Amino acid sequence: MSAMPNTHEVLLRNAQLLGGRVALLGLTDDSLLPRLTASGLIVTDQASVSESFAPNRGWDFCFGYDVASDHAASFETVVVFLPKARAELEFRLALARYLARPGAMLLVIGEKKEGIAGGVKQFAAVAGSVMKVDSARHCQVWSGTNSQPLSAFSVSEWLTWTDLACAGIPLSIAGLPGVFSLGRLDDGTRMLLETLAESPLGVERVLDFACGAGVIGAWLHKFCQAAGARPIRVDGSDVQAQAVYCARQTYARAGCQGDIHAANGLATVEGDWPAVISNPPFHTGVKTDTSMTEQFLAQVASHLAPGGELRLVANSFLPYEALMERYIGPVERLAQDRRFTVYRAILKKRR
């Protein structure tokens, strides 16, 4: 069994701070829970936790930030694990202020290299009497009080829209704090979309793995519309709650058909498709982590129809080409620059 994240270990070390009912925001490893005597509410934006979560006595569970209103002002202690994006910390702190009783203890825990110093400044702006209470395992623990409680919190109020265009196709993309490439079209996705314009998939159903805010699905739908082609169905999956929420919003505005699944990889995704497309992540927090994509490549053949295509964009230094050849078939490079490569592989037969 792998060790818990440093932030979770440090919370366990400071478990004496957890008084009354406790809310944990941003939990990434539920193996922490049996080691705590506290009880309350778990909020996570990771489908990996949602899939592994086993009922723990005294703990309620919420996947994503859309927490039921009956939890408002219900907690004596709220713990906020530092997210990667500063905007998402503001998001979590707002939820913390909504969930905590007035004057309740707020705790922020994060690793130094993940930006806890900057996070403390954001924390201090909304919490009274902020002070550092521990430093261990490359992490810091800061405490404050809920001096600025919120009487309302709604995910929809944090939703933003960004107008983009690629290969002559205009898009309107939903965004929430923490979603990949918020407010812009990242260069890798742009290169991938340009190959789809130059070399269309020619299928009626697609799976977009790690779909993010639904950019690829919306673009494919609009591209087919512009070409007068038959509508394409683009199903999507993503590990992050905000991405799933945004992709559904993006699809609704674009009129795109397809189901969006919250899933950690492909193990819980059922079905097969004549094409799978992806701009997969390679970070966990700020750390380079290719394990999700490596697992995806090992599993994707069982979700491709015979003769089906996998099209993937990735940073050129990542070791995916050999894995695609191993699990799927011969690989073709459709586009490449100094940063990104778009690969295409055709499944010859299932293993």
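Data table
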| quantity | calculated |
| --- | --- |
| Approximate spin-label separation Asp70-Asp186, in nm, with each point projected 7 Å along Cα-to-Cβ | 3.9 nm |
| Relative packing of 19-27, 167-175, 132-140, 189-197, which averages over residues the other C-beta atoms within 10 Å, highest first | 19-27, 189-197, 167-175, 132-140 |
| Computed lengthening from Arg137 to Trp161, 0.36 nm per intervening residue step minus Cα-Cα distance | 4.8 nm |
| Correct choice for semi-axes √(5λ) of the Cα gyration tensor in Å that was computed from the model, options (i) 39, 21, 18; (ii) 60, 29, 19; (iii) 43, 19, 18 | (i) |
| Farthest toward positive dipole pole in segment 222-351 [+1 Lys/Arg, -1 Asp/Glu at C-beta], among Ala241, Pro231, His303 | Pro231 |
| Charge context of Phe91, other residues only, Cβ under 14 angstrom, K/R +1, D/E -1 | -1 |
| Chain lengthening between Arg35 and Arg338 when straightened (0.36 nm per residue, less Cα-Cα) | 104.4 nm |
| Antiparallel DSSP beta bridges within segment 200-312, percent to nearest 5 | 10 percent |
| DSSP bridge orientation in the chain - percent antiparallel, rounded to nearest 5 | 50 percent |
| Environment charge at Arg13 (Cβ cut-off 9 Å; Lys +1, Arg +1, Asp -1, Glu -1) | -1 |
| Whole-Hz couplings from phi, Karplus 6.51/-1.76/1.60, listed for segment 245-252; x for Gly and Pro | 4, 5, 4, 5, 5, 4, 4, 4 |
| Normalised per residue, the volume of the convex hull around the Cα set of segment 201-286 (Å³) | 91 Å³ |
| Selection from Leu182, Val206, Pro170 lying farthest towards where the dipole of segment 138-215 points positive, charges on Cβ | Leu182 |
| Percent RCO, i.e. relative contact order, over the chain, from Cα pairs under 8 Å lying at least 6 residues apart | 12 percent |
| Spatially proximal lysines relative to Lys84 (Cα-Cα < 18 Å; intrachain offsets below 8 disregarded) | Lys112, Lys113, Lys121, Lys287 |
| Over segment 1-128, relative contact order from alpha-carbon pairs under 8 Å, at least 6 apart, % | 24 percent |
| Extension gain, Val203 back to Phe317 (0.36 nm per residue minus Cα-Cα distance, nm) | 38.1 nm |
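Taken together, the values in this text are just the output of simple stated rules run on the coordinates, not laboratory data. As the structure is a computational prediction, the values presented were derived from the model and not from experiment. Here the Cβ is made from the backbone with ideal geometry for all residues, glycine too, and neighbour counts use every protein chain on show.
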